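What follows is a short report on a single structure.
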Amino acid sequence: MTNETTKIAPLDPAFHGESNYEVGLESLLAETREKVRKLQSDPHTTDEILQEATEKLQVLEGLWENYHIGMNVFRNAKGGRDGIREVKPE
């Protein structure tokens, strides 16, 4: 039996230990939060535009939360299943 597991390269140092997904999503969240804040303070903003921007922010926050929940499960489970595949002679 050969191990055909894909080798994962270390994270790019430019991302300071975070994945490019995390860095990109953080950036997009910050931009969207700022956009919503500006729209809320602009008296010329229509309710539809503000609602659309708020919904986009909610989607991004959901993606962020789901990513971190998934990563926490992955990090907590790391090594937790190592003994399952081990065949022990009787």
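Nothing in this text is a laboratory measurement; each read-out follows from the coordinates by a stated rule. Quick caveat: nothing in here was measured; it's all calculated off a predicted structure. All Cβ positions, glycine included, derive from the backbone under ideal geometry; neighbour counts span all protein chains shown.
Between ARG33 and MET71, how high is the FRET efficiency from 1/(1 + (r/R0)^6) when r is the Cβ-Cβ distance and R₀ = 30 Å? Nearest 0.05.
0.90
Add +1 for every Lys or Arg and -1 for every Asp or Glu among the other residues with Cβ under 13 Å from the Cβ of ILE49, and state the total.
-2
So what's the net charge close to LYS35: Lys and Arg +1, Asp and Glu -1, counting the other residues with Cβ under 14 Å from its Cβ?
With Lys, Arg at +1 and Asp, Glu at -1, the net is -2.
Would you mind computing, in nm to one decimal, how far apart the modelled labels at ASN20 and LYS56 are, each placed 7 Å from Cα along Cα→Cβ?
Label at ASN20, label at LYS56, 2.3 nm between them.
Just to confirm a number: summing +1 for Lys and Arg and -1 for Asp and Glu over residues other than TRP64 whose beta-carbon lies under 10 angstrom from that of TRP64, what do you get?
Once all neighbours under 10 Å are counted, the net charge is -4.
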